[in-house]
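A.B. asks: Take a look at the following structure, please.
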Amino acid sequence: MNAMTDAVRMQVDIETVVRECALFEGVERRELGTIAAAATCRPLQRGAVLFQQGAASTELYVVAEGWVKMTHVTQSGDQIALRFVQRGEHVGGAALVRGVAFPSTATAASDARILVWKSAFIHDLIGSSRAVARNALAIVGDRADEFLLRIQELASDSVEVRLARHLTELVRRSDRKTERGVGVEFPISRQDLAELCGTTLFTVSRILTRWRDLGLVDPGRQRIVVRDTGRLAGLISERHAAISAR
């Protein structure tokens, strides 16, 4: 372990992050200490790639600080943003549990610190801990449910509703309050939002401009502030009400 890694490790409360991670939920405190001691802490600058789509899943990653963007490139070459991962969430856990290559690429959306465990340690832990084994199965199921919901969203919801849903979720998780509203915690571009919604940059820009004129959002370069979270969430509720009324 080099001096940089030592310094990073000292600045991160590893055991607290481990306790927050869904994979280790229900694990006894003494065992949590063993898990925390086995982790290394890796700094990651914004824009740096943690792993590439198609690479072998030889490590488990948990975000200790910052945000990580997960993307997938389709066979036609289009890039889709799958989700943004924050503190306490695992990255690549489903692939590691299943023993398959990473189906996506993980890139730091902000400066980040990542906890890392070798696959052998995690597989041994799954075999010895009933709680971790149960959580690992839940993680695989959750990812399957997540992709099914995304397919349903793309098939049934308008781009405006998809954008409202993703923005509402991002500011809820960020909870970065400003004088003008609630902002997304990390630098986010309109292209990021377009990839997240499965649409074009032009479409997202057009919607954000209209929402700005309505006083819903305050978009800027690499940032966005939601000025009225209630009205933005109302767009989603109106869609659900319209579907229920059919």
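A.B. asks: Give a residue-ordered list of calculated ³J(HN,Hα) values for the stretch 137-143 (Karplus: 6.51 cos²θ - 1.76 cosθ + 1.60, θ = phi - 60°; whole Hz; x for Gly, Pro).
C.D. replies: 5, 5, 4, 4, x, 4, 5
A.B. asks: Are there GluC sites (Glu not before Pro) in the stretch 166-240 that DSSP puts in a loop and that have at most 14 other Cβ atoms within 10 Å, and which ones?
C.D. replies: Loop-located and lightly packed - 179.
A.B. asks: Mind running the shape call on the stretch 157-244? Use the C-alpha gyration tensor, a ≥ b ≥ c as the square roots of the eigenvalues: rounded below 1.5 for a/c, prolate if a/b tops b/c, oblate otherwise.
C.D. replies: Taking the square roots of the gyration eigenvalues as a ≥ b ≥ c, the stretch 157-244 is oblate.
A.B. asks: Still on this structure: Which one of 125, 23, 148 has the biggest mean-square fluctuation once the chain is modelled by GNM with Cα springs under 10 Å?
C.D. replies: 148
A.B. asks: Where does the charge balance sit around residue 19 when Lys and Arg score +1, Asp and Glu -1, over other residues with C-beta under 14 Å from its C-beta?
C.D. replies: -4
A.B. asks: Mind sorting out which of (i) 191; (ii) 149; (iii) 110 is the real volume of the Cα convex hull per residue in Å³ computed from the coordinates?
C.D. replies: (ii)
A.B. asks: Provide 207, 80 in ascending order of the number of other Cβ atoms located within 10 Å of each residue's Cβ, fewest first.
C.D. replies: In order of increasing Cβ crowding within 10 Å: 80, 207.
A.B. asks: Tell me, 118, 177 in order of fewest to most beta-carbon neighbours within 10 Å? If you can, show how the numbers build up before the last one.
C.D. replies: Values: 118 14, 177 11.
Placing the least packed residue first, the sequence is 177, 118.
A.B. asks: In debye, nearest 20: dipole of the stretch 1-157 around its Cα centre with unit charges on the Cβ of K, R (+) and D, E (-)?
C.D. replies: 260
Every read-out reported here was derived from the displayed coordinates using simple, explicitly stated rules and does not represent laboratory data. Source: prediction; values computed, not measured. Don't worry about glycine lacking a Cβ; one is built from the backbone with ideal geometry, like all the others, and counts go over all protein chains shown.
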